[in-house]
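Heads up, the thing below is written out as structure tokens.
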Amino acid sequence: MGERFVSRGFVGKRQMSAPGGRLPPGQHGVADFPVLSAGPTPRTPLEKWTFSIEGEVERPVRWSWEEFQGLPAQDFTVDIHCVTKWTKLDTRWRGVSVDTLLEHVQLDPKAGFVMAYCDGGYTTNLPLPDLLNGQAFVAYGYDGRPLAPEHGGPARLVVPHLYFWKSAKWVRGMRLMEQDKRGFWESAGYHHRGDPWKEERYAGD
Amino acid sequence: MLNRALEWQIATVAAIRTETARTKTFTLSLPAWVRHLPGQHYDLRLTAQDGYQAQRSYSIASEPEREGEIDLTVESLPGGEVSGYLHDVLVPGDRLEVRGPIGGYFVWEVSRGGPLLLVAGGSGVVPLMSMLRHRRAVGSRVPARLLYSSRTPEDVIYADELMGLQDGGDGLEVIHSYTRSQPAGWTGYARRIDADMLKEIYRPLGGKTQVFICGPTLLVEAAADGLVAAGLAPGRIKTERFGPSGGSA
Amino acid sequence: MEEPLDEANELLLDGNAVAGTLFEIFGEEMTASPIECSGCGREGELGSLLAFAPAPGFVLRCPACEQVILRIVQTPDHVYLDARGAVYLRFVRPAV
């Protein structure tokens, strides 16, 4: 490989070191919280906001914002990994575990996949097992405050063990599916699962 | 535009000039300089020792008549990764990787005629300055007006040069609006750009005016909407939204 | 009408911001290309479309109806292009 040009004295905004083993391959640590978006920030008023679970379930369920706030919530501290190569360690959230939400529906045994759908039209698909056993939650608080709109507020899905494009901002519901269907980025070349530790960034990785 | 490859080249920083407290102009000497169109930009890329890269786009401030080099005027953004490097680390003699010139939509040259209405918010004045410098360089008398919104008089980039261009008597008028604090005795505009202001400024130029608006998104939208409301055909308005760093992306 | 200025709104850019990448992908200057929105019919140059980038890919949307017009993802070896939101894409024919 030829000699690559290096800019004298340029280091970038990255944190230069992170505790061993916490950065997946190809990632670098950041101190800020970058805002990435595929569209304008939606502004759903809380009186209109609902969260639903539907599809391959015996009976769909829907919560209003007030009802959702009444569900048992937890605080979570997790590392998050964006496919654009930044990782932010120790992010603090508050929200409802997806396990808690799924307790309210009877899943069809055929349901193996989930499509999360959002205000603004964004979608992302996930294997159902990746949402269970404490691995995922619907968060409405970040860093001790209500989740800001540019970071997905009023509520977003957070699935920290997968690349962060799966942690759908402005989430409004989950549709249980028998077959896997591709969401917004997955249908444009991104991986259907997105495990950062296996660097599953693109379809075929 | 002619089909050509868009290649990265290594430019040398020939000079750095402070324009305002937050903006500097970087004169870059380009080994593969090609004549640009006023309004175009260059992409700039920084590479760290370990291969990490950051890339931004900056509008060309200089006129194409100045051969072999370009001026980029960059506003420093608090915590800005690239603007911080340019402002705080770069010195004349350093080298920068750039590619361009890029752009085919937000461009103007004298052969396209006028009248010309340029609307700038903050560092959005940069690509418009290339247009005005080009207009002066070729001795054009196309009627032109620049409406330039800044927070304070100290924030005005190219203040003296703009005054000089206006005093040149070739039909350019520069109209400032200061949204936060005004010079003593100021009787001009002292508010954000709005439809009434635009109507007053655009009216004398007439319906054949070509309009270029550049600045933060809210200003661009307000100005475009305001001009359409004043009767200008939308197809005559070209817009470029600038990010907070004063360049795009 | 005052709109709350949030960080994401400030970052809202347009097709000009991704002109270099578009040139890389299409091999020619694209921002002056006329684009018709398949949703609302708005006609304008590609440079006037709203651009959302950075993102895992980039998305260009209609400034009038916000529909997705172009979606582009660059992987190490390929480019994925979804142009369903545009009635057509127009390229300059190379001179022969």
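Taken together, the values in this text are just the output of simple stated rules run on the coordinates, not laboratory data. All values reported here derive from a predicted model rather than from experimental measurement. Positions of Cβ are backbone-derived with ideal geometry, glycine not excepted, and every protein chain shown enters the neighbour counts.
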Relative contact order, percent, chain C [alpha-carbon distance under 8 Å, six or more residues apart] = 23
About the Cα centre of the protein assembly as shown, how large is the charge dipole given +1 on each Lys and Arg Cβ and -1 on each Asp and Glu Cβ? Please answer in debye to the nearest 20.
-> 680
Note down the magnitude of the dipole of the range B:122-249 about its Cα centre, charges +1 on Lys and Arg C-beta and -1 on Asp and Glu C-beta and zero elsewhere, to the nearest 20 debye.
-> 340
Most exposed first by the Cβ proxy, i.e. fewest other Cβ within 10 Å, how do A:Phe137, A:Phe113, B:Phe242, C:Phe26 rank?
-> C:Phe26, A:Phe113, A:Phe137, B:Phe242
Comparing B:Ile213, B:Ile201, B:Ile60 in a Gaussian network model of chain B (Cα, 10 Å), the one with the largest mean-square fluctuation is B:Ile201
Name the residue farthest towards the positive end of the dipole of the protein assembly as shown from the options A:Gln179, B:Leu219, A:Met115, assuming +1 on Cβ of Lys and Arg, -1 on Cβ of Asp and Glu, about the Cα centre.
-> B:Leu219
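Work out the mean other chain Cβ neighbour count within 10 Å for the residues of A:31-38 and drop it here as an integer.
Across A:31-38, the average partner-chain Cβ count within 10 Å equals 5.
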At B:Glu173 and B:Ala229, where each label point lies 7 Å from the Cα along Cα→Cβ, what is the point-to-point distance in nanometres?
-> 2.1
What dipole magnitude, in Debye to the nearest 20, does chain B give about its Cα centre under +1 on Lys/Arg Cβ and -1 on Asp/Glu Cβ?
-> 640
What number, in percent, do you get for the relative contact order of chain B if the mean sequence gap of Cα pairs under 8 Å and at least 6 apart is divided by its residue count?
-> 20
For the protein assembly as shown, whose charge dipole is built from +1 on Lys and Arg Cβ atoms and -1 on Asp and Glu Cβ atoms, the candidate among C:Ala83, B:Gly51, A:Ser64 with its Cα farthest towards the positive end is C:Ala83
Please pull out the direction-averaged projected area of the protein assembly as shown, using the convex hull of its alpha-carbon atoms, in nm² to one decimal place.
-> 27.8
Counting only pairs 8 or more places apart or on different chains, how many lysine pairs in the protein assembly as shown have C-alpha atoms closer than 20 Å?
-> 16
Proxy reagent accessibility, fewest Cβ within 10 Å first, across A:Trp65, B:Trp8, A:Trp165 | B:Trp8, A:Trp65, A:Trp165
Rel. contact order, % - alpha carbon contacts under 8 angstrom, at least six apart, the range B:126-249 | 20
Whole Å is fine, so just give me how far the alpha carbon centre of the range B:62-128 lies from that of the range A:1-73.
-> 33
Can you tell me the order of C:78-85, B:142-149, B:75-82, B:124-131 when each peptide is scored by its average per-residue count of other Cβ atoms within 10 angstrom, highest first?
-> B:124-131, B:142-149, B:75-82, C:78-85
By DSSP, what percent of the beta bridges with both residues in chain B are antiparallel, rounded to the nearest 5?
-> 55
